[in-house]
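A.B. asks: Once you've had a glance at the structure underneath, I'll fire off some questions.
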Amino acid sequence: MQKYKKIISVIIFLLIIPIVLAQREGSIPLLALVESNGASRGGVANLHLSIQEGNGGVFLDTFPLTKFTTQISMRFAQQMACQELDLDCSNLNFFYTIRSAKGIIGGPSAGAAATILTASLLKDLHLNESVVMTGTINSGGMIGSVGGLKEKIEAAAQQNFSKVLIPRGTREQEENNATIDIVEYGKKQGIEVIEVGTLSEALEHFDKNFIGGKISEFYTTNDYKTIIKEISNELCSRVKRFDSQLENATKKALEEEAYYSAASLCFRSRVQEKSKEYLNLSINKEHLPFLKMILEKKIENTRKRLNTNKIESLTALQTAMSVKERLDETEELLGEINLDKKEQAIDLFAFAEERFYSAELWTKFFRLEDKSNKIDETNLKNSCENKISETEERLQYLREYIPVPLTKSEQEISKAYLTLEKDPITCLYLASKAKAEINSILGLMGVKQERVKDILNTKLDLVKKSLARAQQKGIFPLISYSYYEYANSLKSFDENNAILYAEYALEFASLDIYFPLNKLNEEKPSIILKKFSLTSFIAGMSFAFFIISIILFRKSQKKKIRILKKNKLR
């Protein structure tokens, strides 16, 4: 019996081998800043990653200890790599390890390189060891700006790297009231410096054979066009006399079939016009409470109707978000009315009435259908919890650079928490918007105004890619497309606001990643796991049977020898 126990122990030990082998690991250099005697210089650290089967955890071990934002950037890296490669990583654990010299300044600048490393292991890419990069990682796979580029270029040259990738828009750096061209500075150091805007761009430099997932062009469906045209026509028909500038902009939008933009312009025109109408009618403050009560009753009835709609698809979810957001804004406007300030009160009430009317119109989008799986209350709540967590991480990230209170973002996160239990749809909407607003600030940090246009164009390209990716999954990204269209309408005269709306569009284009029951994910499990489990299981089992065969053969040989010895003694 004792000998069988030994064999069983060996078998158990050998069967553990496939689990140990079920991992991928690799490393990438990180460009960093080193503090020494009050001065900063460039340095190089090492980031190692091991991906194993698990439950979606992200872990970081650093020596020496580093900033909290470094840990956050590893989480961003994991999210962006999985999203870029369209992989469900919920059954994998990611173990990041950073080893660096004393004095290395931790922070988010490792984010882009960490994303490259993560994507390379998930996709089984072979990274060019002569290439190194620095930059943060933001939504949509956007590479964000970092500090200390000159010092980092010097460190890369000293370590004999041939190419350094830096964030788009950061080529010109200010130093002692002078502008330094980082690309030209790199040439003097014997190193090629290239600006990149996205994760895909960067991956092409690290692996020339990298080919991103094939994504078809996004197109607006006939059903969407029909509904948004109806909404646009109804809003525009309410305007009796346009302001000349708004009229020209509206005509142009209609000619280009940019119906969401046209609807927005007509809405603005009607609010201005209605406010003047009420003032001309000489509505006094005694009338307003009665009118306000009527509007509040209408809001209540619309909410009741909205609650009877079953939210079972991502398109229906986005429709509900759009309607609820307009109803909430209507109530906020009514709450701001001060009867002692008649003119201001009338302006607010006119705005509230038109906002409510637009909420009613937006319910038309419940006619749209998509192929996503059913959404239930549980995964809706979980998605909002995840979104709040991501938003708070980004807020913490931003606080590293902006020490003043970020009141608006904090308020929106607080509102999201308050609605989590009773109204997870509104919660998800608020948290998504807050996250996008923080990302829009992060994306412009360190970028000169004259380069904002480059950043905007890169972001809009990413939005188009995200829209097409969602459409490939059978989802029409309603909110995302509306924001994308509006961002395009702003880009010629208001680049900063266009970036904000492009960021909204990016955030809402990828809502499906929060709903694991999506049919696509059911039919297409994580590619990496197949490679891990199948290869390692065969290798481990083959090795196990080989060792067991040797053990059994040796035991049989020993048994034969014992029998021969016994026969000789006789």
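A.B. asks: Collect the residues in the range 160-172 that are over 22 Å from residue 459 (Cβ atoms) and either surrounded by 14 or more Cβ atoms within 10 Å (Cβ to Cβ) or under 28 Å from the mean Cα position of the chain (by Cα) (or both), keeping them in residue-number order.
C.D. replies: Correct list: 161, 162, 163, 164.
A.B. asks: Starting from the range 177-204, keep only residues that are surrounded by 17 or more Cβ atoms within 10 Å (Cβ to Cβ), then list their pairs with residues that are aromatic (Phe, Trp, Tyr) whose Cβ atoms are within a distance under 9 Å, requiring at least 6 positions of separation or different chains.
C.D. replies: 191/161; 193/185; 200/210; 203/210
A.B. asks: Quick check, is residue 446 outside the structural domain of residue 79 (by TED's automatic domain parsing), under 30 Å from residue 148 (Cα atoms) and assigned to a loop (DSSP other than H, G, I, E, B)?
C.D. replies: yes
A.B. asks: Shifting gears a bit: Residue by residue through the range 228-258, note down the ones that are under 22 Å from residue 491 (Cα atoms) and modelled with pLDDT of 90 or more.
C.D. replies: Answer for the range 228-258, where residues must be under 22 Å from residue 491 (Cα atoms) and modelled with pLDDT of 90 or more: 228, 232.
A.B. asks: Let me ask something additional. Give the residues of the range 154-194 that are part of a strand (DSSP E or B) and at pLDDT below 90, sorted by residue number.
C.D. replies: Result: 172, 173, 174, 175, 178, 179, 180.
A.B. asks: Quick one: which residue in 315, 330 is closer than 21 Å to residue 505 by Cα and out of contact with any Ser or Thr (no Cβ under 7 Å at 6 or more places or on another chain)?
C.D. replies: 315
A.B. asks: Which one of these does residue 151 not meet: (1) more than 30 Å from residue 467 (Cα to Cα); (2) part of a loop (DSSP other than H, G, I, E, B); (3) in contact with a Ser or Thr (Cβ under 7 Å, 6 or more places away or on another chain)?
C.D. replies: (2)
Listed here are the residues, each with its yes/no results for (1) surrounded by fewer than 23 Cβ atoms within 10 Å (Cβ to Cβ); (2) assigned by TED's automatic domain parsing to the domain that holds residue 314; (3) in contact (Cβ under 8 Å) with a residue 60 or more places away in the chain.
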| site | (1), (2), (3) |
| --- | --- |
| 453 | yes, no, no |
| 466 | no, no, yes |
| 469 | yes, no, yes |
| 475 | no, no, yes |
| 491 | yes, no, no |
| 503 | no, no, yes |
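A.B. asks: Could you please let me know if residue 457 is assigned to a helix (DSSP H, G or I), surrounded by fewer than 19 Cβ atoms within 10 Å (Cβ to Cβ) and modelled with pLDDT of 90 or more?
C.D. replies: yes
A.B. asks: If you check residue 118 against the conditions, is it in contact with a Leu (Cβ under 8 Å, 6 or more places away or on another chain), under 27 Å from residue 436 (Cα atoms), part of a loop (DSSP other than H, G, I, E, B) and at pLDDT 85 or above?
C.D. replies: no
A.B. asks: Residue 140 - would you say it is surrounded by 24 or more Cβ atoms within 10 Å (Cβ to Cβ), farther than 24 Å from residue 27 by Cβ and in contact (Cβ under 8 Å) with a residue 60 or more places away in the chain?
C.D. replies: yes
A.B. asks: If you don't mind, another one. Hey, among the residues in the range 307-347 that are assigned to a loop (DSSP other than H, G, I, E, B) and free of Cβ contacts under 8 Å to residues at least 24 places away in the same chain, which one's nearest to residue 362 (Cα to Cα)?
C.D. replies: Per the stated criteria, the residue is 310.
The values are calculated or read from the model by the stated rules, or taken from the named source; none is laboratory data. What you are looking at is a predicted structure, and each value in this text was computed from that prediction instead of being measured. So basically every Cβ, Gly included, is an ideal-geometry build from the backbone, and we count neighbours across all protein chains shown.
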